[in-house]
Structures are given as structure tokens and as C-alpha cells.
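The values are calculated or read from the model by the stated rules, or taken from the named source; none is laboratory data. The shown structure was predicted, so the numbers you read here are calculated from the model rather than taken from an experiment. Cβ atoms come from the backbone with ideal geometry, glycine included; neighbour counts cover every protein chain shown.
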Amino acid sequence: MAGSPAVKLDTFDPRHWPLQIKFPVTVVAIVYSVALIAGVIAQVWETKLVRNALENRAQQLALTLVLSNAESVARMDYWVLYANLSKQAGVLDQEMAPLLFGSIVNDEGIVLAHTHPERQRIGILLAELDSFEGMYSDPGLVVRYGTVHGNEALLVSAPVEYRGKRIGSVLLGFDTDFIRERVLATVIAIGAVSTLLAIIGSLLSWVYSRRTIKPIVSLTASAEKIRAGQLDEIAPIQVYEKNEIGDLVATFNGMVEQLKERDALNAQLQVSEKLAAIGRLVSGVAHEINNPVGGMKNALECLRMFSNDPKRREESIHLLESGLGQIEGVVDSLLVQHRSTETISVCNPRCLDDLFLLVRHDCELRNIRIDWRNELGRPFMVFRARLQQVLINLLVNAMHAMPEGGTLTFHASERDSTLAFVVEDTGSGMPQKQIDRIFEPFFTTRPNGTGLGLWVSMGLVHAMGGDLEVESEVGKGTRFSVIIPRIPADTERETDMGVSIRSEKDEPVHH
Amino acid sequence: MSAWEIRMNGANGFFRLAAPMCLSGACVHMKAYVVRLLAALLIAGSMIGYASAEVRIGITQAMFVKDSLTYDRWAKYLSRSMGQPVLFVYRKSYGEIQELLRQGDLHFAWTCGYPFIKGVQDGFLRYVATPEIGAEPLYRIYLIVPASSTARSLDDLKGGIFAFSDPDSASFRAFAAGQLSQGKPIMSLNQWFPIRFFTYSHAETVKAVADRVADGGSVDGHVWEAMAAILPELTRKTRVIARSGTYGLPPFVASWRADERQIAILQKALLDMNGDREGKSILELLQVTRFARHGDKLYDSIRVDLGSTPMWREAPP
């Protein structure tokens, strides 16, 4: 089981980021994008709304003051005007519409009442009158943004009429700084909420992605182990959710399980095959040794019974020697691979043709035609005895495969770095089942065969660093190919047999 | 009608600054209309019961206490002790009450010493009783300025803005008579105070000075002291720079409409007020110790002022 997946940012390229980072980052980006858009909309919208509300409230206040104070303005009733003005200012929601000042002036701009009598005395010109330039003389109610003492303000001017004549004005100034502050507060609130949402969202998506991705990381680690051949170290990956990833993990787990079973089966098979081969070898050896041992026992019996008969004794001793020779031959064959001390030597291509002479007589007796093609044109370095033994084995086998006659083909050729020797017969061929076993020791189809020929040949070819291949078709014949690497004739090297070789190019070829 | 007037106008006095008010809007008109209709029905109902027997007493907002509930209680109390229904009739100024008394629309009124003396001189008013505050039926007139003002006397305020309570009040006459200016009568008000206004309430005069709408004002000393006790944050914004001599407190007066029997009954009812719990409780609300008979000699100081005062025809500008 893979441990908790490590989160690591190796690069600034988002395509290389792990999903565990990518998910939360995406969520944060989305939340903030929405917040940004919402913030901009809120700013525009809120500004508009607050301005509208302020303008409406300002107009309402001005009209209220005009309606309730016309007569008092006419009578210059300072106290009633002041009382009404401060009452209306007091009723005003200062948070929604912060009043900078409110004043009732006569038609000359002389203050009759002011919300801040401590700084604006009645009976003199209104200090803020300049701000109302142009509005003040307008016959109707005017709402306009302007400046009062350098600060932006909403200004309202409403005429006070009495008996059809303009006798004064209600002049109001509202602070507009609060609009910016309120909009800022809204934007900050949106920012705070979206930050909170982003934190929660990224945490949730991090947790979720971690949970979702964990099996994938484990899958990767397990697949890596399969590649490294460490199938045994893979534990089943835990499935958290029954979804696409869950299905994938379950399938993967199943696959690993099957692989493990197959491996176990293979190992078991190999062991039993090996045991079977050893069993066959042992029984072959036992059989091969048993035959002469039986004869030798008879000879010993005979020797004991006829110890005085020199002729019989001589015969028995000969039989004993013969049996021992047979046993020695079997043991020699078994040990052939382990005592290869032969040195490599230069071989003239013509030395192969000696083999032709060896088989020609037998072939004629068996009505076998020989197709002998030796295409090797130059001397080559070879373990000559081994090669000759292998080829004789193959040639004899081929002859035996054609009891009714046929064609024996021998074909020696060279390629760039290899030498190829093909021995082909037109005998009955072999089924695949037989082909699979012909290189096992003591496997034979001939009644008097030892079953060691091909096994030994295979060992010799391998010892030369080459390969022995067989192709066979039932009813058509069999073809053995010996392919050995070509050793350059002008070099001295260590062979894989640990034998020092020396070039003999200039010496006369010895057969 | 008059009982309703107390209630409706009661909200317009000193406390009206805090009262919610919206002059525009049909709903308010509608509401006012319904209230008027209900009130008229109630009053009409009560008038059928009492008919001609009701005793009408005039009051103004110059009094410090303008809580209509107090006057309701007082009207009930007096109705019981006099055996006659009593109605308080509220008017803004002493001038209006004086006019009602002159016409015989009111039997009695609680008015200022100055209109009383004028009514006595004109032969249509008689003395009933005078409240006592502490042990005295007397008060002084204070000249107040904003706490931040540098003025030390009335002379320093010349040319400034001035707040008066009521043009027909003793406080205004005392001012005119020079009671607040070392005995030097103020010969030309326009010259002294080209900008001046009447608040028709001593408490509001205090407020006008405290808010610095006016550079100075003249008020009933008792009202200022009472306010100093319950609204110290307001009076702290003012400073008393001169005090007048003593004057008789505003008396209960009878118009020519009231007969001697009614005068005696009201006198007894007022004088007996501190003899029972309810009466004492009402006196407390009115911030009066008790009512007593002092006779109109108490108001001689006003007569003196009158004799030495230039008689301005002062009315709201």
C-alpha cells in the first residue's frame, strides 16, 4: 500500500501540478473571480442606490421644511424656524443621510435659522451661500452635487413662497463621504465572505481531492512495482468510493490478484518440471548402469563357478571390462560439459568434408542420397573436436531417421559474424510433443539409443557460445541448425571456457 | 373642545423638539382627522352631561409643566372638589388668554402677574390665589447668556440676538423696566436688539440660549432652577449674569364671568389641595408647594414697573 501521497510543486507550470493542489487553487480562483465581479457590480449598484436614496431623502426633507415653515419665514419667527429645523434634522436618520448643515434663509441669503447656531449666527449671510451659486436663484427645487468648504456634498435648494411670492429658501448640505465608506464596507464584506468561502471551499476540495486521488497514487505505486517485478509487495488498494475510480481500483486489484496466482502457478510448474527432469535423468542413469551391471553380475557368477577354466575366466573378465567400459561411457557422456578443456584451433573448411567420408558408407547401405554443400571459404577458429562431435551426432541421427532411405542434406555457410551448419533429413519428422523433449537426457525413440546424443550436443553448442535449433514437420523431415559465433582467426582472446587461444594461421593445417 | 386642546397642543411646547412629527403625508392627515373626530365625539358626549355647569380655566405653555396628563388629573381633581366639571383651556400666549378672559370665554386663568395687573386696571379680572414655591409666592427674573459668552451685563449684549418668553410676561416687562440693567429702562428695543424672538416658554428660552441661537434671554428664575435640577446638561450651557428683584408668582385670576361663589369654591379647592394625597401629588407634579391667598398687593412691584416702563407695542415681528 502506498503511503500518503506527497504534495510537491516542482514547477510553476500548472499542467505539472498535482490534482490535490489544482482542485483547491481552481476553487479559490473561481470564488475570487465571482467575488471580483460581485464586488464591481456591488460597488456600482450600491453607489447608485445610496445616491438615489440620499437624493430622495434630501428632497423630502427640503419639501417638508418648505411646507411647514412658509408662514414662519414670512413672520421671521426665528425660534419656530429653528425649532422646526432642528426637529427635522433630529428626525433625520443621520446614518442614511448625514446632514452637514441645514439653513432657512430670506430672499437675500440672510440666515433665519441654521442647524448649527453656534457657528452660524442668524441675521447674517449664510457662510455656505457660495456653494449654492446658481441654485439659489432657481425658481424650483434643485438637487446637485457640489463642494462645501472643499469637500464634496449633496446640495439642495428649495424656494419658500408665501402668498405667491418668493421670500426665502431652504438650503441643505449633505455629507457624501459616507457613500464611499458604505460602498467600501460592502466591498470589504463581499471580500471577507468570499475569503471565508474560498478557505472553506479549498479545504473541502483539498480533502475531497486527496480522498479521490489517494487510490490513483496507490495505483501508480503498485503499477511501478509490477514493472519492477515486485508483485509480492503489492497489497490490495483500499476502495473508498464506488465510482469510476473505485471501479478502476477494484479492477486493478483483481488483475494483481490474477497475476500473483499465475506467478505462483508458474513457479510450481517450474519446480515440478525440474523434479520430473531430474527424475528422468536419474532413472535413465540407473537404467543405463543397470544393464551392464546385470551382465557384470553374470560374468562374476561365471568367474566364480568356472575359476579354473582359463577360457571361461578370460571371457568373464572381458565381459566385466566391457560392462565397466559401458558405465564409464555413460558417466563420461554425463560429464562432457564439465570437462571441456579442449583448446580452440584454426580449422580449414575442408576438415568438415572428413565427416562426409564417415557417413558415406552407411548412407549407401541405407539407400540415402547425400546433398553435401560446404560453402565455407576460409579458415575459422573453432573447438574442432566439439564441433565434429556435434555434427556427427546430427548426421547419425539423420541417417537413423531415414530407415527407408531419403536425402541427407548438409549445408555449412557463414554470415557476417556467425557460422551456420544445417543437417536435414527427409524422414518421418516429429510431432511437437516429441520436439519439446528431444534435448532432455536419456530421451530416445530408438530401442538401443542412450538418449544422450542431443543433450550432449546441446551442451557442446552452448559451450561454444552458439545455439542449436530444430525444425520438424511430421511426414516431411527434420532440420537441425547449429549456429555458432565466428571468432576472427587473427586474434588471441580468452574464451568463455577459460582457454587461451593462439592464432595458427601460418601453420600447416593438420587433420 | 378645550380638554382636547390641552392634549393636542401639549406636544407643542418645550418637549416638541423630541416629538415625532411629519407634516407631509396623507396618512398623517387621515390619522389626525380620525383623532379629532373621536375627540370631538367624546367632548360632545361629556358636554351633554355637564352642560352649562363647566368651569373653564385658561393656561399657557409659559408654565414649566405642560404635561397634559397632569392637567387632566388636576381637572378631575378640581371637578370633584368643586362639584362642577372643570376644563383647562390651553393657549400659546398670555395675550390670547387675556383676550379670552376679557371676552368672558374663561371663568378663570392661571396667568402672569403683568396681564393680571393690566386686567385689574381694565376692570375685568379679580384675584383668586397664588402658588408658593418653597415658602414664598415670589420669583425673580434671570438674565442668562450662553456659558461660553463673555457678556457680564445686559450692556454687553446690546446689538446681539435676544430671546424672550412672552411679550406679555412680567419677565419681559421687568427687562423693559431696567430691572436687569441697573434700573435703566430700555427705551428702544429695536436699538438694543435688532434681532429678537419670543419662545412663549421659559424652558425654550433656556434652550435657545443654551443652543446659542440667542446671545441672551430673560427667564423665570424658578423655571431655570427647576431645569437645573432635572436637565442640568442643558442649564450648564447657560450662565446667569443678572437677577431681578422679586415678583409675585403667576396668580390664578377670575374673569368677570365668574361669580363670587365660584371664586370662593375654586379658592377653597386650590388652598385645600395640600390637604389630601391626590392634591399633594398634583402639586408636586406642578412643582408648587401650595396655593395661598396673598391678595393683589403681591403684584405691586409690577405696578411700579408699569409706571416706569415705556409701553412698547411689542408683538411678534
When residues of segment B:207-247 are limited to those that are surrounded by fewer than 16 Cβ atoms within 10 Å (Cβ to Cβ), more than 25 Å from B:Gly178 (Cβ to Cβ) and not charged (D, E, K, R), the one farthest from the other protein chains (Cβ to nearest Cβ): B:Ala229
Helices (runs of 4 or more DSSP H) within segment B:214-301 that include 2 or more residues assigned by TED's automatic domain parsing to the domain that holds B:Phe124: B:260-271, B:277-286
Counted residues, segment A:390-436 - those being part of a loop (DSSP other than H, G, I, E, B), within 27 Å of A:Gly465 (Cα to Cα) and over 47 Å from the mean Cα position of the chain (by Cα): 1
Some residue of segment A:4-22 being buried (at least 20 other Cβ atoms within 10 Å of the Cβ) and away from chain B (no Cβ under 11 Å): yes
Close pairs (7 angstrom Cβ cut-off, 6 or more residues apart or separate chains): farther than 19 Å from A:Ala286 by Cβ in segment A:429-449, among the polar types (S, T, N, Q) anywhere: A:Gly429/A:Ser472; A:Gly429/A:Thr478; A:Met430/A:Ser472; A:Met430/A:Thr478; A:Ile435/A:Ser472
Every residue from segment A:278-322 that is of a type in the set (Gly, Ala, Ser), in a helix (DSSP H, G or I) and free of Cβ contacts under 8 Å to residues at least 60 places away in the same chain: A:Gly279, A:Ala286, A:Gly294, A:Gly295, A:Ala299, A:Ser316, A:Ser322
Inter-residue pairs, beta-carbon under 6 Å, first part of a helix (DSSP H, G or I) and in segment B:144-164, second charged (D, E, K, R), 6+ apart: B:Leu157/B:Asp215
Among the residues listed as B:Tyr94, B:Tyr127, the single one being closer than 20 Å to B:Gly217 by Cβ and buried (at least 17 other Cβ atoms within 10 Å of the Cβ): B:Tyr94
Looking only at segment A:78-102, and only at residues there that are within 13 Å of chain B (Cβ to nearest Cβ) and of a type in the set (A, V, I, L, M), the one that is surrounded by the fewest Cβ atoms within 10 Å (Cβ to Cβ): A:Val91
Single unsatisfied condition, A:Ala29 versus (1) within 60 Å of the chain's Cα centre (by Cα); (2) surrounded by 17 or more Cβ atoms within 10 Å (Cβ to Cβ); (3) among the aliphatic types (A, V, I, L, M): (2)
Answer from A:Ser316, A:Ser345 - the residue that is of a type in the set (Ser, Thr, Tyr) and touching a Cys at 6+ places or on another chain (Cβ under 7 Å): A:Ser316
Answer from A:Val73, A:Val105 - the residue that is over 19 Å from B:Val206 (Cα atoms), buried (at least 20 other Cβ atoms within 10 Å of the Cβ), more than 13 Å from chain B (Cβ to nearest Cβ) and of a type in the set (Val, Ile, Thr): A:Val105
Residues located in segment B:210-266, provided they are touching a Pro at 6+ places or on another chain (Cβ under 8 Å) and among the polar types (S, T, N, Q): B:Thr238
Some residue of segment B:74-87 being farther than 21 Å from B:Gly295 by Cα and within 14 Å of another protein chain (Cβ to nearest Cβ): no
Among (1) over 30 Å from A:Val44 (Cβ atoms); (2) surrounded by 12 or more Cβ atoms within 10 Å (Cβ to Cβ) - the single one A:Ala228 does not satisfy: (2)
Neighbours by Cβ (under 7 Å, 6+ apart or cross-chain): first from segment B:253-274, among the acidic types (Asp, Glu); second assigned to a helix (DSSP H, G or I): B:Asp272/B:Ser81; B:Asp272/B:Gly279
Residue check, B:Glu204 surrounded by fewer than 20 Cβ atoms within 10 Å (Cβ to Cβ) and either within 14 Å of chain A (Cβ to nearest Cβ) or among the acidic types (Asp, Glu) (or both): no
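Per-residue answers, yes or no, for (1) free of Cβ contacts under 8 Å to residues at least 12 places away in the same chain; (2) within 27 Å of A:Arg180 (Cβ to Cβ); (3) part of a helix (DSSP H, G or I); (4) of a type outside the set (Asp, Glu):
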residue	(1), (2), (3), (4)
A:Leu54	no, yes, yes, yes
A:Arg57	no, yes, yes, yes
A:Asn69	no, no, yes, yes
A:Ala83	yes, no, yes, yes
A:Lys87	yes, no, yes, yes
A:Leu100	no, yes, no, yes
A:His116	no, yes, no, yes
A:Gly123	no, no, no, yes
Segment B:103-150, residues that are closer than 21 Å to B:Ala269 by Cα and acidic (Asp, Glu): B:Glu132, B:Glu136
Odd one out for B:Pro251 among (1) closer than 23 Å to A:Ile122 by Cβ; (2) touching a Cys at 6+ places or on another chain (Cβ under 9 Å): (1)
